[in-house]
Amino acid sequence: MPKAKLNTHLVSHVSCPEGKRKETFFDTVTKGLSLEVRVSGGKTYYLRYSDVRSKTRYMKLADASDVSLTEARKLCEQARNKIAMGKDPISEKAVKRNVPTFRAFVQERYLPYVKTYKASWKTDETLLRVHLIPAFGSKHLDEITKDDVIKFRQAALRTDAKPGSINRRLILLRYIFNLAVRDWEVPGVPSNPTNGVALLPENNKKERYITEDELKRLYDAVKRSKNVMLRYILPLLVVTGARRGEVLNAKWEDIDLDRRMWRIPKAKSGQARYIPLGENALRVLDTVQGISRSDYPFGNPKTGKPYRHLYSAWHVARERAGLPEVRMHDLRHSFASFLINEGRGIYEVQKLLGHTQIKTTQRYAHLTQKTLLEAADAGTASLTAIFNP
């Protein structure tokens, strides 16, 4: 392994000695710098150094045809400075090479993980497939920057997407990177690029509460539906506050009519929760017990399996009732409203709805004008004599 004072003329004219496949010339000026010359005529600059275990290693700096000798010396010095600071350039390169693309990380790690505990993982899958993967899929995790996230948010705004919809995409992206950086410590991913990217203000949150009169009209329309189970599904949604998916996927084995308790094995939170069954709920279940022909109380009579969706039947019924804007989830809001207006406490409502945070329940704590007027009259009744003209 000959030593030589590398210079521009030598680099340009040196050739591989006859009988050898390659020869390496070690520079006497810049420590660690070497030039490999191959029989093919190719020439490459390398850095020779000792790693933390005193093992000799060679790191490719650049092809001699791509950089000048002066530039090669600078690259060599920069790499040696890193080594002096305790960093291993080859290990860093290996780590960087193994950083997955966003698409690969989502498909191989994120989705398999959330499917084990997250009831709404299909929503995540849709947001990823439609929005996040098209924007970030081909980029490696360490290549996605805060600026990329901001541009993604701005591009979504230009499509007239609602702030709430955009925020759901950002929240999902933030969660994925939190798992990669904080929880799983994926090598080569230094930080979460969503940090410091604010969510958009949402002024479009409108909770729809149905009145008893509207509920009667809706139920009359539902009873005329071609979907024979909808007339039982709707009442149970109203009198329990359960989510649509919880009712559709309910199993008889999880319903204890004697103890008046319904167990949801895997609620939205990922944990089991229990719904007390009031008289109205028991009446619905008792009726459907004579109709159901499967393990699912509200299963499709033709298949015995849960309905995958009810949109068509529901839409026809709400249109027929003159309530085209009412969503099935609004029945859950209304359940909370009925309880609050009957004087039940916010913590009772929180427990019945299965909310983990009281602020979520407070959004549904709607008081009717009638209830507010009664409260105002009751609270100031003792003052009547004072202000009686």
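Partner lysines whose Cα lies under 20 Å from the Cα of K146, excluding those fewer than 8 positions away in the same chain, are identified as K96. Modelled spin-label separation between K359 and D160, with each label point placed 7 Å from Cα along the Cα-to-Cβ direction: 3.2 nm. On the basis of the beta-carbon distance and an R0 of 45 Å, K60 and R308 show a calculated FRET efficiency of 0.25.
Say a paramagnetic label sat at a point 7 Å from the Cα of K122, along Cα to Cβ; which residues of segment 301-344 have their backbone N under 15 Å from it? Taking a point 7 Å out along Cα→Cβ of K122, the residues of segment 301-344 whose backbone N falls under 15 Å are 305-312. Classify segment 102-183 as rounded, prolate or oblate, taking a ≥ b ≥ c as the square roots of the eigenvalues of its Cα gyration tensor: rounded when a/c is under 1.5, otherwise prolate if a/b is larger than b/c and oblate if not. Because a/c hits 1.5 or more and a/b fails to exceed b/c, segment 102-183 counts as oblate. Indicate the gyration tensor shape class of segment 212-374 (rounded, prolate or oblate), computed on the Cα atoms with a ≥ b ≥ c the square roots of the eigenvalues: a/c under 1.5 is rounded; otherwise a/b larger than b/c is prolate and the rest oblate. Judged from the Cα gyration tensor, segment 212-374 comes out oblate (a/c at least 1.5, b/c at or above a/b). Take the Cα of L200, step 7 Å toward its Cβ, do the same at I133, and the gap between the two points is 2.3 nm.
Computed over neighbours whose Cβ is under 10 Å from that of V29, the net charge equals +2, Lys and Arg +1, Asp and Glu -1. Given R₀ = 35 Å, FRET efficiency for K251-A104 by Cβ-Cβ distance, to 0.05? With R0 = 35 Å, the Cβ-Cβ based efficiency is 0.45.
Adding -39500 (n - 2.57) for every DSSP H run of four residues or longer, then dividing by how many residues the chain holds, sets the calculated 222 nm ellipticity at -12000 deg cm²/dmol. Pairs with C-alpha atoms separated by more than 25 Å, drawn from the list K216/K305; K115/K302; K266/K359, are K216/K305; K115/K302. Please state the shape class of segment 85-222: rounded when a/c is under 1.5, otherwise prolate if a/b exceeds b/c and oblate if not, all from the C-alpha gyration tensor. Because a/c hits 1.5 or more and a/b exceeds b/c, segment 85-222 counts as prolate. The distance between label points at K31 and N81 comes to 1.5 nm (points 7 Å beyond Cα on the Cα→Cβ vector).
Size descriptors for the chain: radius of gyration and Dmax over Cα atoms are 33.7, 121 Å.
If one takes the longest principal axis of the Cα atoms in the chain, at what angle in degrees, from 0 to 90 and to the nearest 10, does the Cα axis of helix 311-320 lie? That works out to roughly 40 degrees.
Taking packing as the residue-averaged number of other Cβ atoms within 10 angstrom, the listed peptides 212-219, 26-33 run from highest to lowest as 26-33, 212-219. Each peptide among 10-20, 286-296, 272-282 gets the average number of other Cβ atoms lying within 10 Å of its residues, and from highest to lowest they stand as 272-282, 286-296, 10-20.
Just so you know, all these numbers are worked out from the coordinates, no wet-lab data involved. These numbers were taken from a predicted model, which means no experiment stands behind them. Cβ sites come from the backbone with ideal geometry, for glycine too, and all protein chains shown count toward neighbours.
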